[in-house]
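Enquirer: Below is the structure I would like to discuss, written out as structure tokens.
The values are calculated or read from the model by the stated rules, or taken from the named source; none is laboratory data. Quick caveat: nothing in here was measured; it's all calculated off a predicted structure. Cβ sites come from the backbone with ideal geometry, for glycine too, and all protein chains shown count toward neighbours.
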There are 2 protein chains.
Amino acid sequence: MKTDIQIAQEAVALPISTIASQVGLSATDLEPYGVDKAKLNWPAIKKAMASPDLGKLILVTSISPTPAGEGKSTMTIGLGDAINQRLHLKTMIALREPSMGPVFGLKGGATGGGQAQVIPMEDINLHFTGDMHALTAAIDTLAALVDNYIYQGNEVGLDPDRILLKRGIDVNDRSLRQVTIGQGSKFNGIEHKSSFAITVANELMAILCLATDIADLKQRIGLMLVGYSRAEQPVYVKDLGFEGAIAALLANALKPNLVQTIEHTPALVHGGPFANIAHGANSVIATNLALHLSDYVLTEAGFGSDLGGQKFMDFVSNHLEKKPDASVVVATVRALKYQAEGTTDRLNEENLPALREGFKNLERHMLNMKNYGVPVIVLINHFATDTQAELELLQNLVRDQGIDARVVDYHEQGSSGGVEAAKAVVNLANTGHVELQSTYQADDAVKSKIAKVAKKIYHASQVEYSEQAEQDIDELVKMGKDKLPVIIAKTQYSFTDNQKLLGAPTDFTLHVKGASLKNGAGFIVVTTGHVLDMPGLPKQPAALDIDVDNDGKISGLF
Amino acid sequence: MKTDIQIAQEAVALPISTIASQVGLSATDLEPYGVDKAKLNWPAIKKAMASPDLGKLILVTSISPTPAGEGKSTMTIGLGDAINQRLHLKTMIALREPSMGPVFGLKGGATGGGQAQVIPMEDINLHFTGDMHALTAAIDTLAALVDNYIYQGNEVGLDPDRILLKRGIDVNDRSLRQVTIGQGSKFNGIEHKSSFAITVANELMAILCLATDIADLKQRIGLMLVGYSRAEQPVYVKDLGFEGAIAALLANALKPNLVQTIEHTPALVHGGPFANIAHGANSVIATNLALHLSDYVLTEAGFGSDLGGQKFMDFVSNHLEKKPDASVVVATVRALKYQAEGTTDRLNEENLPALREGFKNLERHMLNMKNYGVPVIVLINHFATDTQAELELLQNLVRDQGIDARVVDYHEQGSSGGVEAAKAVVNLANTGHVELQSTYQADDAVKSKIAKVAKKIYHASQVEYSEQAEQDIDELVKMGKDKLPVIIAKTQYSFTDNQKLLGAPTDFTLHVKGASLKNGAGFIVVTTGHVLDMPGLPKQPAALDIDVDNDGKISGLF
């Protein structure tokens, strides 16, 4: 069987200007990166944003992820191909760009799979157009400027032990989670504890994904909270005057990247916050642009509906020019059996009881999405080991709840693997006026916002706050920042904060460990359980299999 | 007066394919990055390298740098423009790409000045085509893989306290010179001391600049010394199996970048090791490529002839398809007066005695270069404050030593600011067969190599070795690696290892502090005096002036 990278490398890409012409863009609207990637330039972005018509927005979310795989990106891409190539409707896909670090850890890129991939997959998974690298440079330049400010005089009296900004690299490096810097000679700066997070976890990534233009980008950078002075006053980036330089480093990265699927559907791949520790959606500028340029826009939210889905509905969609017109919940028979069994050992065998039990996970995800008031459909990614009885049972279980369910196989068959499903999605998106019902109100207090998400979305019975979390919230109240939206950092594997509790747990306590202000992004990150913002590498990292030949052809990415 | 960035931004770039056509390349040979930058693709590189003819190679070096500025890049670019646009000879310029970190520190990019610049200057000084970022990612991925190897079992028994690889970022961050990593939880890796160097100082940069193709790149990465095992055995990257993944990260960066000067001369800007702590020349692949594609190639070596010049002659040129045909030593009246006075206070006043005294610095540089057996010319960058008497005195002092001297003003006038000088350089390069006389022999012992450079080039009377240096050299002997070329890390401001000793000091001692094997690059770095591989930021960093407007136009770079 061919690997994803083999299929992707055998695909013949059209010139990116040909792809652009599908949505009315010309070569002069593009800044090419090689022959098959481009950024849109600012005149083109501004012109497109001024057009009055907006397409239909279709959000793809999923069950809680398992090692069995649910294939959300594959679904998003395959569905986009089907709508574009089979239904002949003007379509764009808006996806996050992958973080590079995890590519060298566990096998698995973030560009879809099989016949449903965005290409060139190896570029997108590695350096792409440099957006992640620009972010890393911006994060570390800002941190260096701050530490240098302290070293060179520190007029505002910034407390080195209360710097909130982390450094960043786009590498899975557990050794950098907690470090001490500024050691050795007195010329090496002020010694203090510090920390590196993976690039995508930094507030600057969130800002890049929320900014509507460079001016907004710069203003948001200026609003970032650096830390506190010894006199207990908050110090913002604009107090130190670094926002212009950091915006200059990120200005190019703010332009969306255009690529294509294997079947030549245009895709904007731009911005990549994780959904467990951040807001988990591609850039607002890319999704808005796609809405202006095409009639149907497919986008996805990271991890399950409790993470990316909830954050998209309650936060991201407020930054878009329109709310989602329909929502797709992705599931697989195998993953639902895993939800019941907690092991991959017997997934190849038919197991209707396990499927019925595991369905409870899907049920909660699909009903949560339905409660937002957006039309929902469940799409099931077909695997060769699925039995007919399993597929029928699963569809019936979904339909019993008044929600349509279809089986698709975009992975093996490309767009022909789900034409009827694509029609159903299009029909759903054309249902009509949608009134999105948010989980919480904008002026709810922070604890009320957390409680509403915990109860309505996670189905927790109660929320407990650590002493640190209480202090953090008191500080937010003191600063008058406690009414911002909440981005809850939680394990992706469970509705609870314990990654081992699969299915659809009830009657549990959500443990809030802390709350931190992301003032430039405009939200409060609420941490629960044990969530890390810097992954580690496994014992056998994927790096051991990655190679390149003398023609520059890369192998070993999956 | 217009700033460099204003002049550069007002320049109208030709499409990069038009530039490429000057040297027989077509659009299909290029991977565009925007409209005005491109990488050559591998088929084009391989085809060009197979052509039999080689152009003339002209090396530009200079006096010891001072705060008064000597303008070496401006000279290289202006001379290239003059040979190309005024003498109508097929010309290419090969330059290093700037490190981004220093751009945010002290004002001053590395793309020339005035009318003699490579463009787009703001791109080249910031992210460019991502080569520096790819290097940073490769450096930090390798370091993370090594620490993870120890954490996950450490079969070879690598000693965490004897890891020689540093992490890297392309930021001036003094706080990262000495750090402790792996702190906190036991899941955060093994606690040990570590260090970050600026990206350009890493061995991977040297390897990128020396590799002839991807296979060579990968082999060199495999040869890098990671550290020592607890059993005192050297551990190389290939022992751990990481060379394929790291080569995959760098494969794209190995392709040279094509840009243009303001006057549309093609320039390959590729690779950027510093010349004080590394070998200080652009990539071998770019210079060789330029030699195949054009009749005259201008390249420069970093800092003064004692640093980049010596390293180019004794090391880099052995990796090129030919030795330099001529060498240009750049000087300015102002800088030579500074060499005598040690202050910028009175540089605007005519001062013939100071010039005569400061000339001793130029004299040593030009005679050192002449001793290599390569024809030498001195070119003087004209400043508005230079008096006629000063310019005449300086030219006469040079000519008294049997070396031609000319005054040029490429900065203000572009290529018309030195047509006769360009003719003189071309004539010099056509003198005929050059037999380069190296400073040392390949099989000299390491201390003998150091002594020969110290005495012949720096004019030291003796060399002293610290205890650490003695140990390091013993280890090199034990490993059988003591016959490799030496790259001496030394302050750029003085022939000595004390940056305050200007002019042409004699009767001094060179203090060798250490020697480290760069086994992938194939050289030994010998450290002298106080040389840092991670710069710091100044009290008023240039970042405070850098900004970007809502159209993406960057300001405040100089």
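Enquirer: Pull out all pairs, ordered by first then second residue, where Cβ-Cβ is under 9 Å, the residues are six or more apart or on different chains, the first lies in region A:180-205 and is facing another protein chain (nearest Cβ under 8 Å) and touching a residue at least 24 places away in the same chain (Cβ under 8 Å), and the second is aliphatic (A, V, I, L, M) and surrounded by fewer than 19 Cβ atoms within 10 Å (Cβ to Cβ).
Expert: Hits for this filter: A:Ile181/A:Ile190; A:Gly182/A:Ile190.
Enquirer: On to the next question. So if I check each of A:Thr212, A:Thr141, which one is of a type in the set (Ser, Thr, Tyr), within 14 Å of another protein chain (Cβ to nearest Cβ) and within 21 Å of the chain's Cα centre (by Cα)? Lay out the reasoning, then the answer.
Expert: Working: A:Thr141 fails: within 21 Å of the chain's Cα centre (by Cα).
Result: A:Thr212 is the single residue among A:Thr212, A:Thr141 that is of a type in the set (Ser, Thr, Tyr), within 14 Å of another protein chain (Cβ to nearest Cβ) and within 21 Å of the chain's Cα centre (by Cα).
Enquirer: Which of (1) touching a helix residue (DSSP H, G or I) at 6+ places or on another chain (Cβ under 9 Å); (2) outside any loop (DSSP other than H, G, I, E, B); (3) over 20 Å from A:Leu79 (Cα atoms) is the odd one out, the single condition A:Val398 does not satisfy?
Expert: Here A:Val398 meets the rest and fails (3).
Enquirer: List, please: which pairs have Cβ atoms under 9 Å, are six or more places apart or on different chains, and start with a residue in region A:499-511 that is part of a strand (DSSP E or B) and end with one that is buried (at least 18 other Cβ atoms within 10 Å of the Cβ) and of a type in the set (Ser, Thr, Tyr)?
Expert: From region A:499-511, the pairs are A:Thr509/A:Thr496; A:Leu510/A:Tyr458; A:Leu510/A:Thr496; A:Leu510/A:Thr528; A:His511/A:Tyr465; A:His511/A:Thr528.
Enquirer: If you don't mind, another one. Using the structure shown, decide if B:Asp474 is at pLDDT 95 or above and assigned to a loop (DSSP other than H, G, I, E, B). Give the steps one after another, and end with the answer.
Expert: On the way: at pLDDT 95 or above: yes; assigned to a loop (DSSP other than H, G, I, E, B): no.
In short, no.
Enquirer: Here is a follow-up. Could you count how many residues in region B:542-558 are free of Cβ contacts under 8 Å to residues at least 24 places away in the same chain and hydrophobic (A, V, I, L, M, F, W, C)? I'd like the intermediate steps shown before the answer.
Expert: Residues of region B:542-558 free of Cβ contacts under 8 Å to residues at least 24 places away in the same chain: B:544, B:547-552.
Now narrow it down to the ones that are hydrophobic (A, V, I, L, M, F, W, C): B:544, B:548.
Count: 2.
Enquirer: Give the residues of region B:123-177 that are without any contact (Cβ under 8 Å) to a residue 24 or more places away in the chain and surrounded by fewer than 24 Cβ atoms within 10 Å (Cβ to Cβ), sorted by residue number.
Expert: Start the filter on region B:123-177 by keeping residues that are without any contact (Cβ under 8 Å) to a residue 24 or more places away in the chain, which leaves B:144, B:152-155, B:175.
Selection gives B:Gln152, B:Gly153, B:Asn154, B:Glu155.
Enquirer: Only one of A:Val398, A:Val376 is touching a strand residue (DSSP E or B) at 6+ places or on another chain (Cβ under 9 Å) and without any contact (Cβ under 8 Å) to a residue 40 or more places away in the chain; which?
Expert: Working: A:Val376 fails: without any contact (Cβ under 8 Å) to a residue 40 or more places away in the chain.
Going through A:Val398, A:Val376 in turn, the sole match is A:Val398.
Enquirer: Could you give me the residue pairs with C-beta distances under 8 Å whose first residue belongs to region A:262-285 and is touching a residue at least 60 places away in the same chain (Cβ under 8 Å), whose second residue is surrounded by fewer than 24 Cβ atoms within 10 Å (Cβ to Cβ) and among the charged types (D, E, K, R) wherever it lies, and which are 6+ apart or on separate chains?
Expert: A:Ile277/A:Asp533; A:Ile285/A:Asp213
Enquirer: If you don't mind, another one. Out of all the residues in region B:164-175, which are closer than 17 Å to A:Thr180 by Cβ and more than 10 Å from every other protein chain (Cβ to nearest Cβ)?
Expert: If the condition is that a residue be closer than 17 Å to A:Thr180 by Cβ and more than 10 Å from every other protein chain (Cβ to nearest Cβ), then B:Lys166 is the only one that fits.
Enquirer: Has region A:165-174 got any residue that is outside the structural domain of A:Leu289 (by TED's automatic domain parsing) and in a helix (DSSP H, G or I)? Steps first, answer last, please.
Expert: The initial filter retains those residues of region A:165-174 that are outside the structural domain of A:Leu289 (by TED's automatic domain parsing), namely A:165-174.
Narrowing further to those that are in a helix (DSSP H, G or I): A:174.
Yes - at least one qualifying residue is present in region A:165-174.
Enquirer: Only residues that are farther than 16 Å from B:Glu10 by Cβ, outside any loop (DSSP other than H, G, I, E, B) and charged (D, E, K, R): list them for region B:95-137, please.
Expert: Correct list: B:Asp131 only.
Enquirer: If we scan region A:168-188, do we find a residue that is more than 14 Å from A:Gly536 (Cβ to Cβ) and within 21 Å of the chain's Cα centre (by Cα)? I'd like the intermediate steps shown before the answer.
Expert: Of the residues in region A:168-188, the ones more than 14 Å from A:Gly536 (Cβ to Cβ) are A:168, A:170, A:179-188.
After this cut, where a residue has to be within 21 Å of the chain's Cα centre (by Cα) as well, the list is A:168, A:170.
Within region A:168-188, one or more residues are more than 14 Å from A:Gly536 (Cβ to Cβ) and within 21 Å of the chain's Cα centre (by Cα).
Enquirer: Tell me whether region A:407-414 contains one or more residues that are buried (at least 24 other Cβ atoms within 10 Å of the Cβ) and assigned to a strand (DSSP E or B).
Expert: yes
Enquirer: Between B:Ser317, B:Ser327, which is modelled with pLDDT of 95 or more and assigned to a strand (DSSP E or B)? Explain how you work it out, then say what you get.
Expert: Details: B:Ser317 fails: assigned to a strand (DSSP E or B).
Step by step, each of B:Ser317, B:Ser327 is checked, and only B:Ser327 is modelled with pLDDT of 95 or more and assigned to a strand (DSSP E or B).
Enquirer: Filter region B:107-123 down to residues that are of a type in the set (A, V, I, L, M) and in contact with an Asp or Glu (Cβ under 9 Å, 6 or more places away or on another chain) and give me whichever is nearest to the other protein chains (Cβ to nearest Cβ).
Expert: Restricting attention to region B:107-123, the residues satisfying the condition of being of a type in the set (A, V, I, L, M) are B:110, B:116, B:118-119, B:121.
This time we only want the ones that are in contact with an Asp or Glu (Cβ under 9 Å, 6 or more places away or on another chain), so: B:110, B:116, B:119, B:121.
Numbers: B:Ala110: 17, B:Ala116: 24, B:Ile119: 15, B:Met121: 13 Å.
Looking at residues that are of a type in the set (A, V, I, L, M) and in contact with an Asp or Glu (Cβ under 9 Å, 6 or more places away or on another chain), I get B:Met121.
Enquirer: Okay, next question. Could you please find all residues in region B:1-54 being buried (at least 18 other Cβ atoms within 10 Å of the Cβ), over 23 Å from B:Ser73 (Cα atoms), in contact (Cβ under 8 Å) with a residue 40 or more places away in the chain and among the acidic types (Asp, Glu)?
Expert: Answer for region B:1-54, where residues must be buried (at least 18 other Cβ atoms within 10 Å of the Cβ), over 23 Å from B:Ser73 (Cα atoms), in contact (Cβ under 8 Å) with a residue 40 or more places away in the chain and among the acidic types (Asp, Glu): just B:Glu31.
Residues checked against (1) more than 27 Å from B:Ile221 (Cβ to Cβ); (2) charged (D, E, K, R); (3) more than 10 Å from chain A (Cβ to nearest Cβ):
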position: B:Gly105; (1), (2), (3): yes, no, no
position: B:Asn125; (1), (2), (3): yes, no, yes
position: B:Asp147; (1), (2), (3): no, yes, no
position: B:Ile150; (1), (2), (3): no, no, no
position: B:Asp159; (1), (2), (3): no, yes, yes
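Enquirer: Also, I was wondering about something else. Identify, from the list A:His433, A:His382, A:His411, the residue that is touching an Asp or Glu at 6+ places or on another chain (Cβ under 6 Å) and either closer than 23 Å to A:Lys56 by Cα or not polar (S, T, N, Q) (or both).
Expert: Numbers: A:His433 fails: touching an Asp or Glu at 6+ places or on another chain (Cβ under 6 Å); A:His411 fails: touching an Asp or Glu at 6+ places or on another chain (Cβ under 6 Å).
Every option except A:His382 fails the conditions.
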